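Engineer: One structure is given below, represented as structure tokens, and several questions about it will come after.
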Amino acid sequence: MLGRYVTRAVDAQSRWSKPLGDFNQRLLRAIFHPIRPIQNILNGTWLGHPLHAVVTDVPIGALTVSIVADLIGQPVVADVSMLVGVLAMVAAAVTGAADYAEVDGTARNRATVHSTLMVVSLLLYVVSLVIRSGNPPDRLVPILFAIVGYLILSLGATIGGDLVYLVGTHVNRHAWRGAGAKWIALDLGGLPDIPNGGPTKMKAGINELAIIRDGDRILAVHAQCAHAGGPLAEGVVTAEVIECPWHGSRFSMTDGHVVRGPAMYDQPAYEIRRAESGGWEVRRQAS
Ligand code: FES
């Protein structure tokens, strides 16, 4: 299976991709964290979908048109579509950088290889465009630059796809969690009752919840962050909004909606009531 060799080859780059990823991430966090609202726009928190995944379709389409136009002798179409493709690659790079700032471990190493390939491809396309702008009588050299750029772009796009499909980067961590209409007993974990304050981690069936309590007001969301699985029960709650300790996503404890990215998906929230047999029971809120 070809994909296995690509994965091995990408992981074999960790000697340089890990330190470069560390450096890139420190730099990107220094840029983006003071401007979180802009980072969240680039993440796609407002859209409920990763914006990078939307934008990347444009350069791949435009640059495919460009290479076909080059090969069939349509230079104007080739050059215009290449310009569109290069501008869209810059937009894809900016949205990708906002996401890349908040990935860890294997995903970050692979994202480093992915982004490095995309930057190399972009540079080749820029060189091709610059040569084309001089209207050379022979277009062989800029076409060769474009062909090599396209091959590298394709490899980079494959690795970018693997980041989602193989590693699960930016996949909703609750995609397979059923909504369910059943009330389930809350396991107090040996405590006499749900303690005031919190967040406190407690189990209900197979689900772990992060619960806060202020007297009769008890709110619960799933304890695994929708962004990358961070431990929400170890987060900080301010004004009924819980902040994930890993990358700072914030969710409303009342209904789970995402208040701040990088998460793009809402958090499952739960209703709590007294059980007739004593104790408490919970049910996932309708979204
Ligand atoms: S795991 Fe990334 S913000 Fe929670």
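The values are calculated or read from the model by the stated rules, or taken from the named source; none is laboratory data. Nothing here was measured: the structure is a model prediction, and the numbers come from that model. As a convention, Cβ positions derive from the backbone with ideal geometry for all residues, glycine included, and neighbour counts pool all protein chains shown.
Engineer: Scan the range 98-123 for residues that are away from the ligand (no atom under 16 Å from the Cβ) and under 16 Å from Leu27 (Cα atoms) and jot them down. If you could, list the steps in order and put the result at the bottom.
Structural biologist: Taking the range 98-123 first, the residues away from the ligand (no atom under 16 Å from the Cβ) are 109-110, 112-123.
Matches in the range 98-123: Asn109, Thr112, Ser115, Thr116.
Engineer: Could you check the range 149-161 and list, in sequence order, the residues that are of a type outside the set (Gly, Ala, Ser) and either surrounded by 15 or more Cβ atoms within 10 Å (Cβ to Cβ) or at pLDDT below 95 (or both)?
Structural biologist: Of the residues in the range 149-161, the ones of a type outside the set (Gly, Ala, Ser) are 150-153, 155, 158-159.
Matches in the range 149-161: Tyr150, Ile152, Leu153, Leu155, Thr158, Ile159.
One line per residue, one yes/no per condition, for (1) of a type in the set (Gly, Ala, Ser); (2) touching a residue at least 40 places away in the same chain (Cβ under 8 Å); (3) in a helix (DSSP H, G or I); (4) under 18 Å from Val127 (Cα atoms):
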| site | (1), (2), (3), (4) |
| --- | --- |
| Pro19 | no, no, yes, no |
| Asn24 | no, yes, yes, no |
| Pro37 | no, no, yes, no |
| Val58 | no, no, yes, no |
| Leu63 | no, yes, yes, yes |
| Ser66 | yes, yes, yes, yes |
| Gly73 | yes, no, no, no |
| Leu83 | no, yes, yes, yes |
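Engineer: Say whether the condition of being farther than 19 Å from Ile60 by Cβ, in the same structural domain as His33 (by TED's automatic domain parsing), out of contact with any Lys or Arg (no Cβ under 7 Å at 6 or more places or on another chain) and without any contact (Cβ under 8 Å) to a residue 24 or more places away in the chain is met by at least one residue in the range 85-101.
Structural biologist: The answer is no; no qualifying residue exists.
Engineer: Within the range 248-277, track down each residue that is under 11 Å from Asn40 (Cβ atoms) and touching a Pro at 6+ places or on another chain (Cβ under 7 Å). Outline the logic, then answer.
Structural biologist: Narrowing the range 248-277 to residues under 11 Å from Asn40 (Cβ atoms): 248-250, 258-264.
The answer is Ser249, Met264.
Engineer: For residues that are without any contact (Cβ under 8 Å) to a residue 40 or more places away in the chain and touching a Phe, Trp or Tyr at 6+ places or on another chain (Cβ under 7 Å), tally how many sit in the range 186-233.
Structural biologist: 1
Engineer: Looking at the range 206-256, which of its residues are crowded, with 18+ Cβ neighbours inside 10 Å and away from the ligand (no atom under 16 Å from the Cβ)?
Structural biologist: Result: Asn207, Ile211, Ile212, Arg213, Ile218, Leu219, Ala220.
Engineer: Output the number of residues of the range 191-205 satisfying the condition of being away from the ligand (no atom under 16 Å from the Cβ) and either in contact with a Gly (Cβ under 9 Å, 6 or more places away or on another chain) or of a type in the set (Gly, Ala, Ser) (or both). Lay out the reasoning, then the answer.
Structural biologist: Initial filter on the range 191-205 (away from the ligand (no atom under 16 Å from the Cβ)): 191-198, 200, 202-205.
Then keep just the ones that are either in contact with a Gly (Cβ under 9 Å, 6 or more places away or on another chain) or of a type in the set (Gly, Ala, Ser) (or both); that gives 193, 196-198, 200, 202-205.
Of the residues in the range 191-205, 9 are away from the ligand (no atom under 16 Å from the Cβ) and either in contact with a Gly (Cβ under 9 Å, 6 or more places away or on another chain) or of a type in the set (Gly, Ala, Ser) (or both).
Engineer: Working only within the range 257-266, note down all residues that are surrounded by 19 or more Cβ atoms within 10 Å (Cβ to Cβ) and either in a loop (DSSP other than H, G, I, E, B) or within 7 Å of the ligand (Cβ to nearest atom) (or both).
Structural biologist: Gly261, Pro262, Ala263, Met264, Tyr265, Asp266
Engineer: Another one. Could you say whether any residue in the range 173-195 is modelled with pLDDT under 90 and surrounded by 16 or more Cβ atoms within 10 Å (Cβ to Cβ)?
Structural biologist: Within the range 173-195, none of the residues are modelled with pLDDT under 90 and surrounded by 16 or more Cβ atoms within 10 Å (Cβ to Cβ).
Engineer: Within the range 130-141, which residues are farther than 13 Å from Leu71 by Cβ and either in a helix (DSSP H, G or I) or modelled with pLDDT of 95 or more (or both)? Steps first, answer last, please.
Structural biologist: So in the range 130-141, the residues farther than 13 Å from Leu71 by Cβ come out as 130-138, 141.
Once the filter is applied, which keeps residues that are farther than 13 Å from Leu71 by Cβ and either in a helix (DSSP H, G or I) or modelled with pLDDT of 95 or more (or both), the range 130-141 yields Val130, Ile131, Arg132, Ser133, Val141.
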